[in-house]
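Notes follow the structure.
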Amino acid sequence: GNGISGAANTGGGGGGGLYNGGYGGDGGSGVIILKYPSSYTSATGGGLFSITDTTTVSGYTIETITSGSGTIIFSLTP
C-alpha cells in the first residue's frame, strides 16, 4: 500500500507508505499569502495566479497566490 498525496494548495503532507515496498505520498503544494495596506496595489508579473480580498481585514488587502512563478511589484496608490 502506498500513501495518499496531500491536497493541492494546502501544504498538507502526504500519507506514509505501508510495509512491503509501499512509498509515501507526495506533499501538497503550498500557497503564499500576502497582507499589505490598502493604499498599495500589487502587480503580479509572469505566470502568477492570485485571489485578492479587500473586505476581511479593514484597511488591508489579503492576496493569496495559488500557483505559477514570477515577480510581485508593490506601488503606492496615488
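Throughout, read-outs are computed from the coordinates displayed, never taken from laboratory work. As the structure is a computational prediction, the values presented were derived from the model and not from experiment. All Cβ positions, even for glycine, are placed from backbone atoms using ideal geometry, and neighbour counts span all protein chains on display.
Take 58-66, 33-41 and order them by the average number of nearby Cβ atoms within 10 Å per residue, most first; the result is 58-66, 33-41. Extension gain for Thr41 to Ala8 (0.36 nm times residue separation, less C-alpha to C-alpha distance): 9.2 nm. Site pair Ser75 and Thr56 shows an inter-label distance of 2.6 nm when each label is modelled 7 Å from Cα along Cα→Cβ.
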